[in-house]
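Structure first, then comments.
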Amino acid sequence: MTDPAAPCPAWLAQRLRAAAGAVPFSTFMAWALHDPEHGAYGAGRLRIGPGGDFATAPSLGGDFAALLAPQVADWLAALGPGPLALVEAGPGEGSLALQLAQALQLGWPDLAARLTLVLVEPNAGMAERQRQLLQASPLPCRWSDWPELAQAPLRGVVLAHEVLDALAVERVEWDGALWRQQQVRLRDEHPARPLLVLEPGGPLPPQAAASLRALGLDPPGAQRGAGWCTELHPGVGPWLAACGQALEAGQLLVIDYALEAWRYYAPQRSAGTLMAYRGQQASQDPLQEPGAWDLTAHLCIESLQAEARAAGWRNLGQCRQGEALLALGLAQRLHGLQQGHGAGLAALLASREALLRLVDPHTLGDFRWLAFSRGALPEAVEPPLFLREPGGLGGEALLRSA
């Protein structure tokens, strides 16, 4: 299967010519997202929020952070006395980091007094915007990376909110006889108008083939015919290992789009989960305007958990975001809005809409929260607060009808 061709910008054409005309899709995705001059994130081109390229839970207001803060505080308090860190990987605009810092300072001042906010942001364009916003942070802030943090591992909590879905994926395609690694090729018949095409490349490398065997997809079965394609996530394991080396003891919370393997690799999902986003629009064409669109692929829950175990993390459990936020008090927060508290009607309606979007099972409410821990913790680790049964004030009904 060969996809339609798309125009290729000059910077990418030059790079592909230097690579003999084609690269694996993962290389293309890394360039399109993280190149410091031309990448959507690397150059700081993408904007996050309702008026930007795509909206995230923190960009809808402070409710998400206010609900998450008790879970973060509970984990931090369990680490005992001494300096602590709240680490956010890939902080986007910096909204969640700022909102959590403010919530922790307000609700847990003694804990906040020994807490440092650490931002792990590989893209200079995004880091500059974060620095501007976090000038208002009540907590001390610093920017770092995993290798630097590993030199003096921290005790604390790591948040990865919509981060792992932006790691470069390999797209793989079944040709009816064997698995092939998809590649992005330059069509250079007319150098003044170079084009990009996504096509099957060579047979899979041994490690990728082993990943498919572990998923029961090698061979893929009679229901997956020639042209059936999906994604593998070679960057997740190294990311989890690097994150783990930076944390002496504490918890990791991954919040992202994720599916069970049976759903991720279902026969009917013949084009995988890869999507492009720009200007609040979604597209299944990953080749259009490289460097101007966000590219994202869902995570496979079982694969993520297996990679975490291999990197020394203990699995604490997972659930959907709607369930997590209801367990943390969203229904009570919504009930409080209905009491009015002197706010104008327009403000109350906007707050209510934002809260309902967080648990809408067709959008943000279907995100998965996956929690992990590592290191010797001073106190027995209880199940995360967000895994309590949603209840009170009609929480379950709200989840079903959001």
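Please treat every number below as a calculation from the coordinates, not as lab data. Computed from a predicted model, the values in this text were never measured in an experiment. Cβ coordinates were reconstructed from backbone atoms using ideal geometry, including for glycine residues, and neighbour counts include every protein chain displayed.
Using the charge dipole of region 60-150 (Lys, Arg: +1 at Cβ; Asp, Glu: -1 at Cβ; taken about the Cα centre), state which of Pro138, Ala69, Met126 has its Cα farthest towards the positive end. My answer, from the dipole projection, is Pro138. Phi-derived couplings, Karplus 6.51 cos²θ - 1.76 cosθ + 1.60 at θ = phi - 60°, listed residue by residue for region 258-273: 8, 10, 5, 4, 5, 8, 4, 9, 4, x, 6, 8, 7, 10, x, 10 Hz, with x used for Gly and Pro. Taking a label point 7 Å from the Cα of Ala5 along the Cα→Cβ vector, which residues of region 25-41 have an amide N closer than 17 Å to it? Correct set: none at all.
Across all directions, the shadow cast by the convex hull of region 60-150 built on its C-alpha atoms averages 5.8 square nanometres.
Arg187's amide H: which non-local residues (gap 5+, or another chain) put their own amide H closer than 5 Å, with H modeled 1.01 Å from N in plane and none for Pro or chain starts? Result for Arg187 returns Leu195, Leu196, Val197. Coordinate range of the alpha-carbon atoms in the chain per principal axis, descending: 65, 46, 43 Å.
Measuring nothing but alpha carbons in region 12-62 and taking Rh as the Kirkwood radius, the Rg to Rh ratio lands at 1.17.
Computed on the Cα atoms alone, the convex hull of region 82-206 gives a volume of 172 cubic angstrom per residue.
Here region 199-268 is treated with +1 on each Lys and Arg Cβ and -1 on each Asp and Glu Cβ, and its dipole about the Cα centre works out to around 200 debye. Residues whose amide H comes within less than 5 Å of that of Cys319, counting only those at least five positions distant or on another chain, are Trp369 (H built at 1.01 Å from N in the peptide plane).
Ordering Gly90, Ala103, Ala30 by Cα displacement along the dipole of region 30-164 toward the positive end leaves Ala103 in first place; charges were set at the Cβ atoms of Lys, Arg (+1) and Asp, Glu (-1).
Remark: region 366-377, residue by residue, has Karplus-estimated 3J(HN,Hα) of 8, 4, 9, 9, 10, 10, 9, 9, 7, x, 7, 9 Hz, where x stands for each Gly or Pro and the curve is 6.51 cos²θ - 1.76 cosθ + 1.60 at θ = phi - 60°.
Shown here are the Rg and Dmax of the Cα trace of region 134-205, at 21.4, 59 Å. As a proxy for reagent exposure, ranking Asp285, Asp63, Asp110, Asp53 by other Cβ atoms within 10 Å from fewest up yields Asp110, Asp285, Asp53, Asp63. The charge dipole of region 1-140, taken about the Cα centre with unit charges on the Cβ atoms of Lys, Arg (+1) and Asp, Glu (-1), comes to about 300 debye, rounded to the nearest 20. With each label modelled as a point 7 angstrom along the Cα→C-beta vector, the Gln14-Asp188 pair spans 1.4 nm.
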